[in-house]
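Contents: one structure, followed by commentary.
The values are calculated or read from the model by the stated rules, or taken from the named source; none is laboratory data. Quantities reported herein were computed from a predicted structural model and do not represent experimental measurements. When we count neighbours, we look across all protein chains shown, and the Cβ atoms used for this are built from the backbone with ideal geometry, even at glycine. Side chains included, ligands, DNA and RNA excluded: accessible areas come from the protein's heavy atoms. Shrake-Rupley method; radii C 1.70, N 1.55, O 1.52, S 1.80 Å.
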Amino acid sequence: MADLLYPPVIGAARAWFKALDLRFDIRGTEHVPSRGGAVLVSNHISYLDFLFTGFAARPAKRLVRFMAKESVFRHKVSGPLMRAMKHIPVDRSRGENAYEHALQALRSGEVVGVFPEATISPSFTLKDFKTGAARLAQDARVPLVPMALWGTQRLWTKGHKRDFGRNHFPVGIRVGEPVWAEQHESARGVTERLRERMQELLEAAQRAYPAAPRTADDTWWLPAHLGGSAPTPAQARTQ
């Protein structure tokens, strides 16, 4: 029943992308394995990032099982959908349950989606990473597939109103070569390598992004180091 529901949801999302006239620039999707377990790891700049992360796995015909906060599963609308699509609830007070659930999914050949920053980055730069994705990859002996999103924050992000108009927003998606978590390596060491690779992918997506702020008031979606008015990482930590 789960995978009978997931494809129509993807179809609805794609129709919505078309209605918004989003302009996609997607590169590297060949790095998503066509079979077997993998941890798909993305940066987090928008409430909608799970849609775009999952979209990157479609050329490989993979359905991503996302780890998401448990409260989403309690919602009367999203809860049944999340459970039916085999997403994984994360109760931060009992994280070991979510970890075991994700580990079982990986060992059974699923792709599990993880946002290692845990929450949206208001600075639109990479925050510190949790080590959970690396530990999952080590324990399940599967690759980490790094990716970066750019432009999704313009649709809907923390502290800003949704903008679902037909604005022709570009969305950049970069998927990198798999990062293997060696058994002898510390989870922190794997995480640092993963973060470095994702930083490279994020910078590549930013360099290729074809749009600039339209007005002086439209600089909010650019990070401070690129001349925007988003908070710096230090400022974001105090918010």
*Name, by its number, the condition in (1) within 24 Å of SER229 (Cα to Cα); (2) surrounded by 15 or more Cβ atoms within 10 Å (Cβ to Cβ); (3) small (Gly, Ala, Ser) that does not hold for GLY159.*
(2)
*Identify the single condition in (1) open to solvent by 20 Å² or more (accessible area, probe 1.4 Å); (2) under 24 Å from TRP16 (Cβ atoms) that GLU185 does not satisfy, given that it satisfies every other one.*
(2)
_Take the conditions open to solvent by 60 Å² or more (accessible area, probe 1.4 Å) and in a helix (DSSP H, G or I) and apply them to ARG94. Does it pass?_
yes
_Residue under question is PRO116, and the condition is that it be of a type outside the set (Gly, Ala, Ser), touching a Gly at 6+ places or on another chain (Cβ under 9 Å) and over 14 Å from ARG65 (Cα atoms); does it hold?_
yes
*Could you figure out which of (1) modelled with pLDDT of 95 or more; (2) hydrophobic (A, V, I, L, M, F, W, C); (3) touching a Lys or Arg at 6+ places or on another chain (Cβ under 8 Å) isn't true of ALA137?*
(3)
*Conditions: (1) part of a helix (DSSP H, G or I); (2) crowded, with 17+ Cβ neighbours inside 10 Å; (3) not polar (S, T, N, Q). ARG83 meets all but one. Number of the miss?*
(2)
*Restricting attention to the stretch 10-29, report how many residues are open to solvent by 50 Å² or more (accessible area, probe 1.4 Å), of a type outside the set (D, E, K, R) and under 18 Å from the mean Cα position of the chain (by Cα).*
2
*Sort out which residues of the stretch 200-235 are hydrophobic (A, V, I, L, M, F, W, C), over 18 Å from ARG23 (Cβ atoms) and in a helix (DSSP H, G or I), and write them in order of number.*
LEU201, LEU202, ALA216, TRP220, ALA224, LEU226, ALA234
*Quick one: which residue in ARG62, ARG35 is more than 19 Å from ALA134 (Cα to Cα), open to solvent by 70 Å² or more (accessible area, probe 1.4 Å) and outside any strand (DSSP E or B)?*
ARG35
*Taking TRP180, is it out of contact with any Ser or Thr (no Cβ under 7 Å at 6 or more places or on another chain), open to solvent by 10 Å² or more (accessible area, probe 1.4 Å) and among the aromatic types (Phe, Trp, Tyr)?*
yes
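Of everything in the stretch 1-32, what is of a type in the set (A, V, I, L, M), part of a loop (DSSP other than H, G, I, E, B) and farther than 24 Å from ALA118 by Cα? Give them in sequence order.
Result: MET1, LEU22.
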